[in-house]
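The values are calculated or read from the model by the stated rules, or taken from the named source; none is laboratory data. This is a predicted model, so every value here is computed, not measured. Cβ: placed from backbone, ideal geometry, glycine included. Neighbour counts: every protein chain shown.
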Amino acid sequence: MYSGGYTGKILRVNLTDQTAKKEKLSSKIAKDFIGGAGFGVKFLFDEVKAGIDPLSPENKLIFAPGPFTGTPVPCTSRLTVTAKSPLTNLVGMGLSGGFFPAELKFAGYDILIIEGRAEKPTFITIKDGEVHFRDASKIWGTQTFDCQQIIKDTLSDQNFRISCIGPAGERLSRIACIMNERRAVGRKGLGAVMGSKNLKAIAVRGSGSLNISSQEKFKTARSQMLKAMKQSPVLYPEFSMTGTPTNVDNTCALGIFPAKNWSATGLFTPADQIGIEALQTRRIGKEPCYGCPVGCSQLRLARTGPYAGILTEGPEFETLYSLGGQTGVDDMDSIIAADRLCDELGLDSISAGVTVGFAMELFEKGILTLADTGGLKLNFGNHEAMNRLIRLIAFREGIGSVLSDGVKIASEKIGKGAERFAMHIKGLELPGYDVRGAKAHGLSYATSYTGADHNRGYAFQEIFGIPVPYPVDRLSIEGKGKLTKWNQDVRTATADCPTLCVFIFDMALAGTSLKNTASLMEAVTGIAFTPEEVARVGERVNNLARAFNVREGVTRADDRFPERLMTEPLKGGAAKGQLISEEDLKVMLDEYYTVRGWDLDTGIPSREKLVELGLEYVADQLGVK
């Protein structure tokens, strides 16, 4: 039984009949899944039936912080939001930081499950034990930052923390995100799920606190974590002052910063224009998440040209890739403006940028014409056209109505061979690492349960040269199946479930993460874990998520890359000549499925593996023998 960390309560909100009820969080679920991603995947598999339309009332939105959230464990104000993705039709999960995750815990809840569909635009207020359904008709149509401020003013309380959608989510764009403060729950179209429920916002205010099971054990475990953070050679001296954009310079040097819809990686390397030096001239301060001593989140101000005066939190590395490298745009201030625009309109900046870059290549190849684009000259590097197109996508206007559901659906609508240039895996647009020059990172994209997702098994060994659990050659395919399983399971169990910022995992805790999580779990919750048991939680979550996807029809044939990555070698840079061939993928997948205990032909988890993980009921549902 847990005795700290958890509030012990699940809040289930039904929008159809406007009811809210509290349920108890079982100790078994806490032990088996910890929290965050574990809770999201567990409730999604158990409660969302196979084959439902992700934009129907039958889908559910599951908000889940972890047992560390709201406690004095640093860098843990994180939560996951999980639903069936309207972009991929598979597990959809996004993560976010800020203050909303901790506030949900202070309000008394480990999990918030949103069900059904409201008859009219609605927002919910949760203040400790009170839940109210409020008319959102007047704020339907507002941008996200205005929406949050209007709700705070309406409630006469500036301390409410708010998650909301913008015009993109209201129009059911399948690349819409959810925003809380300046933080995005991006990727997989979760904003569209919220919009399909006529839910504009969730406002949370809490006055509670979290119990710590053993203060003595907690003091020891926390001090060990803080010591590891201080000893990191990059966390405080560099990362806390710059954030993720340092990776623009790093990936350009490695020859893996994707450019111009992945056609010019290694040739277009704009580190001097949009890398860390250029960004630091626009830095005006920080905006840390709740309880974070690092404060990697930077506020940056556009200073030149028509974009002068626009402020954004970021842009993060992935946004610099998607709105910069991917589109061939090297104007820093226009990227800042585009980042802010995505946040205000409620668009995932990664999918939005990849979609713009996709459209630009189609335009340059003549597949899209000026007649198709409404006169927009969608050449690579045209930052004015990029910012205009983002708005069209969010409002489903003109060519934006074709592109608003991401590159896979858009390519099918456009035809004329457009599918070849749609850079996605399982429907999710590719993130910012050209995996032709980082093979384990690529295998993680191919096998991730959310599609091409850099957060589901980040190969920091290849990107940063960190030799944990052992050193690797980023250009080799040897041993990458085993490494990918380790990255996915350990990252899930030690970051996405408790919940902990993954940047701390990568830069300070990679070598001690399992022990760190086990020690903190016992100290905070009173539930004893060995490091091996922590890793097993990650394995359990990844297998259950795979089972959800198998139930939706996923097979081995879906674990693959866009044709470009498998047939076109990199044309320049430090990884010149690299690709991931069909044979390379086969070798890596065979190894990965073998170490996972999945069927080599189908990619379905074996009954033996599922039973071993305590998921026998899942094996029964899948019909595996």
Considering only region 557-565, I want to know if a residue exists there that is part of a helix (DSSP H, G or I), among the small types (Gly, Ala, Ser) and within 25 Å of the chain's Cα centre (by Cα). yes
Hits in region 596-624 (condition: out of contact with any Leu (no Cβ under 9 Å at 6 or more places or on another chain), under 15 Å from Thr447 (Cβ atoms) and part of a loop (DSSP other than H, G, I, E, B)): Asp599, Thr602
Just checking, does region 284-296 include any residue being assigned to a loop (DSSP other than H, G, I, E, B), of a type in the set (Gly, Ala, Ser) and over 26 Å from Ala508 (Cα atoms)? no
Can you list residue pairs whose Cβ atoms sit under 6 Å apart, with the first residue in region 586-609 being at pLDDT 95 or above and the second being among the polar types (S, T, N, Q) and part of a helix (DSSP H, G or I)? Count only pairs 6 or more apart in sequence or on different chains. Tyr592/Thr484; Pro605/Asn543
Return the only residue of Phe218, Phe239 being at pLDDT below 95 and not in a loop (DSSP other than H, G, I, E, B). Phe239
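This table checks each residue for (1) outside any loop (DSSP other than H, G, I, E, B); (2) of a type in the set (Ser, Thr, Tyr); (3) in contact (Cβ under 8 Å) with a residue 60 or more places away in the chain; (4) on the phi > 0 side of the Ramachandran plot.
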residue: Lys105; (1), (2), (3), (4): yes, no, yes, no
residue: Gly108; (1), (2), (3), (4): no, no, yes, yes
residue: Glu119; (1), (2), (3), (4): no, no, yes, no
residue: Phe123; (1), (2), (3), (4): yes, no, yes, no
residue: Ser137; (1), (2), (3), (4): no, yes, no, no
residue: Cys147; (1), (2), (3), (4): yes, no, no, no
residue: Ile150; (1), (2), (3), (4): yes, no, no, no
residue: Thr154; (1), (2), (3), (4): yes, yes, no, no
residue: Asp157; (1), (2), (3), (4): no, no, no, no
Going through region 21-34 in order, the residues found to be buried (at least 17 other Cβ atoms within 10 Å of the Cβ) and either without any contact (Cβ under 8 Å) to a residue 12 or more places away in the chain or not in a loop (DSSP other than H, G, I, E, B) (or both) are Ile29, Ala30, Lys31, Asp32, Phe33
Is there a residue in region 578-595 that is among the small types (Gly, Ala, Ser), surrounded by fewer than 17 Cβ atoms within 10 Å (Cβ to Cβ), on the phi > 0 side of the Ramachandran plot and not in a strand (DSSP E or B)? no
Quick one: would you say Cys147 is within 21 Å of Ala64 (Cα to Cα), assigned by TED's automatic domain parsing to the domain that holds Pro67 and modelled with pLDDT of 95 or more? no
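Give Thr304, Thr269, Thr246, Thr242 a once-over and let me know the one that is in contact with a helix residue (DSSP H, G or I) (Cβ under 9 Å, 6 or more places away or on another chain) and crowded, with 21+ Cβ neighbours inside 10 Å.
None of the others qualify; the one that does is Thr269.
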The condition from (1) assigned by TED's automatic domain parsing to the domain that holds Tyr449; (2) without any contact (Cβ under 8 Å) to a residue 24 or more places away in the chain that Thr525 misses is numbered (2)
Which condition number does Gly169 fail, the rest of (1) buried (at least 24 other Cβ atoms within 10 Å of the Cβ); (2) not in a helix (DSSP H, G or I) being met? (2)
Which residues, counting only those in region 193-215, are small (Gly, Ala, Ser) and not in a loop (DSSP other than H, G, I, E, B)? Gly195, Ser196, Ala201, Ala203
The condition from (1) crowded, with 21+ Cβ neighbours inside 10 Å; (2) assigned to a loop (DSSP other than H, G, I, E, B) that Asn379 misses is numbered (1)
What about Phe63, is it within 25 Å of Ala518 (Cα to Cα) and either part of a strand (DSSP E or B) or modelled with pLDDT under 95 (or both)? yes
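So that you can scan it fast, the table gives a plain yes or no per residue for (1) among the polar types (S, T, N, Q); (2) touching a Cys at 6+ places or on another chain (Cβ under 8 Å); (3) modelled with pLDDT under 95; (4) within 23 Å of Val185 (Cβ to Cβ):
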residue	(1), (2), (3), (4)
Glu419	no, no, no, no
Gly427	no, no, no, yes
Gly432	no, no, no, yes
His454	no, no, yes, yes
Thr492	yes, no, no, yes
Ala508	no, no, yes, no
Leu514	no, no, no, no
When restricted to Leu520, Leu443, the only residue within 23 Å of the chain's Cα centre (by Cα), part of a helix (DSSP H, G or I), in contact (Cβ under 8 Å) with a residue 24 or more places away in the chain and outside the structural domain of Thr80 (by TED's automatic domain parsing) is Leu443
If the Cβ limit is 9 Å and pairs must be 6+ apart or interchain, which residue in region 423-438 that is farther than 21 Å from Thr88 by Cα pairs with which residue that is assigned to a helix (DSSP H, G or I) and among the acidic types (Asp, Glu)? Gly437/Glu462; Ala438/Glu462
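Residue-wise test of (1) closer than 17 Å to Phe39 by Cα; (2) surrounded by fewer than 24 Cβ atoms within 10 Å (Cβ to Cβ).
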{"site": "Gly481", "(1), (2)": "no, yes"}
{"site": "Ile504", "(1), (2)": "no, no"}
{"site": "Leu514", "(1), (2)": "no, yes"}
{"site": "Arg536", "(1), (2)": "yes, yes"}
